[in-house]
Amino acid sequence: MRRKVLTVAAALATGAIMLSGCSASSGSGSDESLTFVCSPQEDWCQLVASAFTEETGIEANYVRLSGGEAVARLSASGDTPEFDAWFGAGADGHIAAHEAGLIEHFVPDGAAAIPDEYKDPEGYWTGIYVGALSFCSNTDVLDKLGIDPPTSWQDLLDPKLKSNIAMAHPATSGTAYQAVWSQVILNDGDQDAAIDYFKQMHSNVLQYSKSGSAPGQMAGRGEVGVGVIFAQDCQKFVNEGFTQLVATYPEEGADYEVGAVSLIKNAKHPEAAKKFIEWSLTAEAQDLAATVGTYSIPTNPDATITDDMVDPTTLNLLDADISEMGKARNELTARFDAEVAPAPKS
């Protein structure tokens, strides 16, 4: 296991609601409609579906599922999937789905423009955005507790934060799994040490949510002092009126997410799905995210970087082996579910 810290700039340089519409019909790849899993926030999913339909005339339906939920739903469907493509969530989730035989090999037109570190060398997924993990803090709550916004993982163990942290459950949320994997990297690949860290933090966690962005909303409402979420989600909540929120980053480094898109194996509408995937790699499609307040960094070099996106020069990111991370996901999240989440709190 490598343990390496690099700047986002260096990393970039190197390299469930169903929308109404036509129902998916069984058959051999009609171009008239598709249904995709969508893992980012709801408003982005809505815009992606409507914009793709407007651009291509193909009716796009979606179901909004977080990364862990998507893997579970795809696994339950087996050889008769309800979906044609998967948009968003960390590449580790797509890798876990591929390991389970749920993802089809497909190298889309336009993939050559995406840096190599943001796509699968074997051609099973392609990155569409990058997100940096952050601590999203309510400064009003922290002022009452007499502490500053956290700037290290160790700060989250402060007893003053008892019941004042919110984090999603890594079995359902790719965001939370990024936090877990950060500890694996920081402990030189020692998964036992990573689990031990979250056992220590457990008493400080008020709630493990299902959604990765929900802890930021909890922090915004003052229910907790700190939410462990992606920076783009924290900025979205700030712009929506939670101006007391501030994003900080662990000085030891944190893992980052490569949000991916992939083709579902045995899709009922594979040709429509392929067109959707190819469209999602374009700069025009990736620029849509910021218009609904989602400030992840696009992977297409021609897409627009806005002032609300995280400043790459200010962050250190951990160099993760995405493939190893994906393969370890099921076992590690099962351990969290058994050893951390149900434990009594002191």
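Put simply, the amide H of residue 125, placed in the peptide plane, has neighbours under 5 Å in 120, leaving out anything fewer than 5 places away on its chain. A Förster distance of 30 Å, applied to the separation of the beta-carbon atoms of residue 246 and residue 330, puts the FRET efficiency at 0.30. Taking 0.36 nm per residue of sequence separation and removing the Cα-Cα distance, the residue 143/residue 323 pair yields an extension gain of 60.7 nm. Note that the range 229-234 has calculated 3J(HN,Hα) couplings of 9, 6, 4, 5, 6, 4 Hz, one per residue in order, obtained from phi through the Karplus relation 6.51 cos²θ - 1.76 cosθ + 1.60 (θ = phi - 60°); glycine and proline are x. About its Cα centre, the range 235-346 has a charge dipole of approximately 660 debye under the convention of +1 per Lys or Arg Cβ and -1 per Asp or Glu Cβ, with nothing else charged. Each helix, a run of at least 4 DSSP H residues, gives -39500 (n - 2.57); summed and divided by the residues of the chain, these come to -10000 deg cm²/dmol at 222 nm. Overall, the ratio between the Cα radius of gyration of the range 283-346 and 2.2 N^0.38 Å, rounded to two decimals, is 1.67. Averaged per residue, the range 263-346 has 45 square angstrom of accessible surface, using a 1.4 angstrom probe with ligands and nucleic acids left out. Applying Stokes-Einstein at 37 °C and 0.692 mPa s to the Kirkwood radius of the range 208-260, computed over alpha-carbon pairs, gives a translational diffusion coefficient of 281 µm² s⁻¹. Grab the beta carbon distance between residue 271 and residue 100, set R0 = 30 Å, and tell me the FRET efficiency rounded to 0.05. My answer for the efficiency is 0.80.
Note on residue 162: lysines with a C-alpha under 25 Å away, same-chain residues under 8 apart excluded, are 144, 199, 210, 345. Segment residue 72..residue 32, full-extension length gain: 11.7 nm, with 0.36 nm per residue of separation and the alpha-carbon distance subtracted. Per-residue 3J(HN,Hα) values for the range 134-148, derived from phi via the Karplus relation 6.51 cos²θ - 1.76 cosθ + 1.60 with θ = phi - 60°, read 9, 9, 9, 10, 8, 5, 5, 5, 5, 4, 5, 7, x, 9, 8 Hz in sequence order (x marks Gly and Pro).
Surface composition of the range 200-315: carbon plus sulfur atoms hold 46% of the accessible area, using a 1.4 angstrom probe and ignoring ligands, DNA and RNA. Computed from the C-alpha gyration tensor, the three semi-axes of the ellipsoid equivalent to the range 67-108 are 14, 13, 10 Å, from longest to shortest. Carbon-plus-sulfur accessible fraction, the range 52-139 (probe radius 1.4 Å, protein heavy atoms only): 46%. For the range 293-346, the list of trypsin sites (Lys or Arg not before Pro) that fall in a loop by DSSP and count at most 15 other C-beta atoms within 10 angstrom reads 345. Let's test this: bin the Cα-Cα distances of the range 32-94 at 10 Å from zero up to the farthest pair and state each bin's percent. Whole-percent P(r) values from 0 Å outward: 23, 52, 23, 1. Here the range 160-202 is treated as a Stokes sphere of Kirkwood radius computed over C-alpha pairs; at 20 °C and 1.002 mPa s its diffusion coefficient rounds to 198 µm²/s.
Summing Cβ point charges (Lys, Arg +1; Asp, Glu -1) relative to the Cα centre of the range 102-157 gives a dipole of roughly 160 debye.
Dipole check for the chain: with +1 at the C-beta of Lys and Arg, -1 at the C-beta of Asp and Glu, and the Cα centre as origin, the magnitude is about 920 Debye.
Label sites at residue 55 and residue 112, each approximated as a point 7 angstrom past Cα along Cα to Cβ, lie 1.9 nm apart.
Shape class of the range 137-223 from the alpha-carbon gyration tensor: oblate, with a/c at 1.5 or above and b/c at least as large as a/b.
Here the ratio of the Cα radius of gyration of the chain to 2.2 N^0.38 Å is 0.95.
The values are calculated or read from the model by the stated rules, or taken from the named source; none is laboratory data. Every value quoted in this text rests on a predicted model; they were computed, and no experiment measured them. Ideal geometry is used to build each Cβ from the backbone, glycine not excepted, and the neighbour counts take in all protein chains shown. Surface accessibility is based on the protein's heavy atoms, side chains included, excluding ligands, DNA and RNA. Shrake-Rupley method; radii C 1.70, N 1.55, O 1.52, S 1.80 Å.
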